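Asks: Could you have a look at this structure, given as structure tokens, before my questions?
The values are calculated or read from the model by the stated rules, or taken from the named source; none is laboratory data. Computed from a predicted model, the values in this text were never measured in an experiment. Cβ coordinates were reconstructed from backbone atoms using ideal geometry, including for glycine residues, and neighbour counts include every protein chain displayed. Quick note on the areas: whole protein, heavy atoms, side chains included, nothing else; ligands and nucleic acids left out. Shrake-Rupley method; radii C 1.70, N 1.55, O 1.52, S 1.80 Å.
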Amino acid sequence: QVQLVESGGGLVQPGGSLRLSCAASGSIVSIDIMGWYCQAPGKQRELVATIGSGGSTTYSDSVKGRFTISRDNAKNTVYLEMNNLKPEDTAVYYCNARITYYTHTGRYTGARWGQGTQVTVSS
């Protein structure tokens, strides 16, 4: 089975920084696009940033200039560097990846989600 495990969330004051990590593990052949999403209480999950296998990136308007997404293909890991955090950034952050992998029945490609990590920005 393929798993995504996030880490790095926590409580930070406004203006502070956090770095989230998400590592994929399992019988992985390749990973295409990877991304971060967030879901605040009472709201739908929304896209924060994505990064392609070649390093091309996209960002939501609300995080442009403050967050940076990056990946280490050798470690099957995606990162989200979050700077100048604001209270409205408070949410559970989930990573997502489109992964090609093997099981005992064959080779498959599909999207996988991590379990989420809480980010709270508060004084």
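Asks: For Gly55, indicate whether it is loosely packed, with under 13 Cβ neighbours inside 10 Å, farther than 18 Å from Pro87 by Cα and not basic (Lys, Arg).
Replies: Yes.
Asks: Same structure, new question: Return the residues of the stretch 58-76 that are open to solvent by 50 Å² or more (accessible area, probe 1.4 Å) and assigned to a loop (DSSP other than H, G, I, E, B); say none if nothing qualifies.
Replies: Scanning the stretch 58-76 gives Asp61, Ser62, Lys64, Gly65.
Asks: Further, regarding this structure: Just one of the numbered conditions (1) part of a strand (DSSP E or B); (2) open to solvent by 70 Å² or more (accessible area, probe 1.4 Å); (3) more than 16 Å from Val5 (Cβ to Cβ) is not true of Val48; which one?
Replies: (2)
Asks: Moving to a separate point now. Could you please find all residues in the stretch 77-123 being over 24 Å from Gln13 (Cα atoms), outside any loop (DSSP other than H, G, I, E, B) and either of a type in the set (Gly, Ala, Ser) or touching a helix residue (DSSP H, G or I) at 6+ places or on another chain (Cβ under 8 Å) (or both)?
Replies: Selection gives Ala97, Gly106, Gly110, Ala111.
Asks: Next question, about the same structure. When you look at Gln39, is it modelled with pLDDT of 95 or more and exposed (fewer than 13 other Cβ atoms within 10 Å of the Cβ), yes or no?
Replies: Working: modelled with pLDDT of 95 or more: yes; exposed (fewer than 13 other Cβ atoms within 10 Å of the Cβ): no.
Spelling it out, it is not the case that Gln39 is modelled with pLDDT of 95 or more and exposed (fewer than 13 other Cβ atoms within 10 Å of the Cβ).
Asks: Would you mind finding the one in Thr90, Thr100 that is modelled with pLDDT of 95 or more and touching a Phe, Trp or Tyr at 6+ places or on another chain (Cβ under 8 Å)?
Replies: Working: Thr90 fails: touching a Phe, Trp or Tyr at 6+ places or on another chain (Cβ under 8 Å).
One residue alone meets the criteria, Thr100.
Asks: In the set Gly65, Gly54, which member is modelled with pLDDT of 95 or more and more than 11 Å from the chain's Cα centre (by Cα)?
Replies: Gly65
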